[in-house]
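Down below is the structure, laid out as structure tokens.
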Amino acid sequence: MIRPLALAALAMSTFAAPAMAQSTDPTGLWQTPTNGGQVRIARCGQALCGTLVTSNNIRSNPGLLDENNSNRALRTRTIRNVQLLSGFTGGPTEWRGGQVYNPEDGRTYRGTITLTNANTLNLRGCVVAPLCRNQTWTRVR
């Protein structure tokens, strides 16, 4: 006979495993806090990368160019689908050593991604510590 307490523990462990697995997977579509941006984070080999899917500016001008890029040769590419995040390694809740490209100023920063729960991540980009900025992104799907 299974005791009620053992049954409750078994039920909790059955439901906790999938929730925990999902909460440490940063892949998916994320909403940024500025300009209506959405970034798709995916696995790129052993690392994480992220591409800009859309933003308010892209919705109003789908052909918007990456004209602020510090590399003059890249200023004629469209900003949609530009890789904003690259080279993040680690896990299961924190990824370091990556780069964050900011199309608003055309510069690339060192970054860290911290998954705070299944639907929220903190992105930190630094020129040089302590000159850093943080953003909280929310999962779209």
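Any read-out appearing in this document is the output of simple, stated calculations on the displayed coordinates, not a laboratory observation. Everything numeric in this text was worked out from a predicted model, so none of it was measured.
Overall shape of the stretch 52-141 was characterised from the C-alpha gyration tensor. The equivalent ellipsoid obtained from it has semi-axes of 24, 17, 11 Å, in decreasing order.
Residues whose amide H lies under 5 Å from that of Gly98, counting only those 5 or more places away or on a different chain, are Thr89, Gly111; hydrogens are built 1.01 Å from N in the peptide plane.
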